[in-house]
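The values are calculated or read from the model by the stated rules, or taken from the named source; none is laboratory data. These numbers were taken from a predicted model, which means no experiment stands behind them. All Cβ positions, glycine included, derive from the backbone under ideal geometry; neighbour counts span all protein chains shown. Protein only, heavy atoms only, side chains kept; ligands, DNA and RNA dropped before computing areas. Shrake-Rupley method; radii C 1.70, N 1.55, O 1.52, S 1.80 Å.
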Amino acid sequence: MSDEELDKLAAEIRTFLVDKISKTGGHLASNLGAVELTIALFKAFDFPRDKVVWDVGHQSYTHKILSGRKDGFEGLRKYGGMSGFPKHKESPYDVFDTGHSSTSISAGLGLVQARDLLKEDYKVISVIGDGALTGGMAYEALNNAGDRKTNFIIILNDNTMSIAPNVGGMSTYLNELRAAEGYNRLKRNVADRLERMPVVGKPVSNGLIRAKSFLKQIFVPGGMLFEDMGVTYLGPVDGHDIRKLTRILEEAKTIERSVLIHVITKKGKGYAPAEANPEAFHGIGKFDVKTGRPVGEAKGPSYTKVFSDEIVKIAAEDSKVVAVTAAMPDGTGLKAFEKTYPDRFFDVGIAEQHAVTSAAGMAAGGLHPVVAVYSSFLQRGFDQILMDVCLQNLPVVFAVDRAGLVGADGETHQGIFDLTYLTAIPNMTVMAPKNADELRSMLRFAFSLNAPVAVRYPRGVAYDGLTEFHAPIEYGKAEMLYEECEVALYAVGSMVSTAEHIRTKLKMKGIPCTLVNGRFVKPVDLDMVDRLAENHKLLITLEENISRGGFGERVTDHVSKNYPELKVMNITLPDAYVEHGDVSILRNVLGIDSDACLIKIEEALKDCGLA
């Protein structure tokens, strides 16, 4: 395609993305910023023979379009439809599944090592954002890449943001590099003139390449971190100029070592509302294209908003309370805390491991930190929870947001493992609220324990039912809501409201039913299990977590040892990765909504002679 056609293609893609994502929701701002970069990659390389790994994958929509999946945008992030992230099972152009941050350089380097050992011939490109570059894993990979004497191309897509504005020393360093246009302009002008000189031009130009490091030290302030790590640095280059991008990509292909291309892009490029507020358009639901305003907003406060309001109140009462986030002050509800107590707020960047251990250090120093984080991202700090927080029994509160099914972001974002991995850790207490009021109470209880505590709650509007039940929280004690006989529903967290609906339907069939709000997933209230064993034939546990290592498994173990006559049914998610889709659809397909649960329960009732 000609340069003019490429520019037209970029404009058409942006119009297409805004139109489609306004109807399906998705990651808009990051994708708008990577349009020209993706076009240049497809211009310079031969995909899928060559391999590109997109860090996180928030910017892979143009890649999907250019690799033949434009029609898939009708079902983007819908159940059975196209994923919003790269998925190797979806296309040979997606060589590595991504969804979490700071992994692309490691994965790309692995592909390079496989290529060289198998003596194959293709290029490998890892695209990583400046936000993802705040993650420690990226530096581990860069350190390793600097030793390789073979071509490996790393593209730093620098839009000055992750989800929120970037923080930390790397952000400052990149700001200095962006100011280095003098060096790049000189390099281009000298190279262009030498190339046009007959006979001597090319040799002289090649000789000057050896002087690049010296020139960079003069013109690029702050030192050459990447060069010092053994990685050749090219840039900065305008990430919205396809011709310049293609030229520098072709240069990078000729370098027999690891090379990093520093590309400057604008998040939300080409759509005014997204340019003005890229944070709001990072991950957005349906919106009006003309105004940029969301449509069909849910009614009532979310669990995140309930947490946000309550943690500010708790901090007002205790000056030792501090808050930690890993680059997600808005998503986790800590923005209000930051505004109210800026000196007690710490955004560590996309670095969950550091977030956890720094919180442990704060606790050891006499503070009382809360780490607010999504369930699927807290997995990245598992070793730090185990060794740095719980081994020392330090008072760190984990506000675990997006626990359970989250929907459209799919396998990498479903928060369905936290009950398993958190309850496996000694000294950890795990709680799950039944509604908004109980979340408030649990947060206050968590800060009173002076020990490691996780409070896990789902995405979306906070449940406002069962408010007539508000017994004081006692450590390790469940809450009896309705006590009858024969059938007992023992539920935790989001599944308490589901159990309430099941109980209503059973009562309509004339079946007596007890309902218990578990409250604590660790420790499980086994005294309550003993109580239920006295006059029930069927005990049903309900949790929005995989079955292995979950709440139900602990209850079943106790019952099997002590009450072999009591039948136990565990309603859980399968021990599997759950793909993307609307949460209500996923709950039904996976058998944890009230209708699906009732079908299973009716079969169990027959076995117990109750139906």
Alpha-carbon centroids, segment 104-144 and segment 312-364: separation in whole Å: 32
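Place a +1 charge on the Cβ of each Lys and Arg in the chain and a -1 charge on the Cβ of each Asp and Glu, then give the dipole magnitude about the Cα centre in debye, rounded to the nearest 20.
Around 1580 debye, computed over the chain.
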FRET efficiency, residue 444 to residue 482 (Cβ-Cβ, R0 30 Å, nearest 0.05): 0.70
Sparse-neighbourhood loop sites, GluC sites (Glu not before Pro) in segment 27-112 - DSSP loop, at most 11 other Cβ within 10 angstrom: none
Cβ-based net charge around residue 149, under 14 Å, with every Lys or Arg adding one and every Asp or Glu removing one: 0
Apportionment of accessible area to carbon and sulfur, segment 48-143, percent (1.4 Å): 54
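Which whole-number percent is the relative contact order of the chain (Cα, under 8 Å, 6+ apart)?
On the way: 1223 pairs, mean separation 72.2, N = 611.
Computed over the chain, the figure is 12 percent.
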DSSP beta bridges in the chain [antiparallel fraction, %, rounded to 5]: 15
Centroid-to-centroid separation of segment 1-53 and segment 377-392 [C-alpha atoms, Å]: 39
Whichever lysines have a C-alpha closer than 30 Å to that of residue 600, once near sequence neighbours (fewer than 8 apart) are set aside: 78, 434, 477, 505, 507, 509, 522, 537, 561, 567
Proximal charge balance of residue 335 [Cβ under 12 Å; K/R count +1, D/E count -1]: -3
Helix 303-317 vs. the chain, principal-axis angle (Cα, 0 to 90°, nearest 10): 90
Whichever aspartates and glutamates have a C-alpha closer than 14 Å to that of residue 70, once near sequence neighbours (fewer than 8 apart) are set aside: 12, 19, 90
Residue-averaged 222 nm ellipticity for the chain, from DSSP H runs of 4+ at -39500 (n - 2.57), nearest 500: -11500 deg cm²/dmol
Spatially proximal aspartates and glutamates relative to residue 267 (Cα-Cα < 16 Å; intrachain offsets below 8 disregarded): 36, 55, 130, 158, 238, 241, 275, 279
Amide H contacts under 5 Å for residue 545, placed H, 5+ residues apart: 573
Fully extended contour minus Cα-Cα distance, from residue 19 to residue 339, at 0.36 nm per residue: 111.8 nm
Label-point separation in nm, residue 113 to residue 224, each point 7 Å along Cα→Cβ: 2.7
Calculated percent of Cα pairs over 44 Å apart (choose from [x] 44; [y] 35; [z] 27), label: [z]
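State in Å² the accessible area per residue of the chain; use a 1.4 Å probe, count heavy atoms of protein chains only, and round to the nearest integer. Write out the running numbers ahead of the final one.
Numbers: 24500 Å² over 611 residues.
Result: 40 Å² per residue.
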Charge sum, other residues only, whose C-beta stays under 15 Å from residue 91's C-beta, Lys/Arg counted +1 and Asp/Glu -1: +2
Those GluC sites (Glu not before Pro) in segment 459-491 that DSSP places in a loop and that have at most 14 other beta carbons within 10 Å: 468, 474, 483
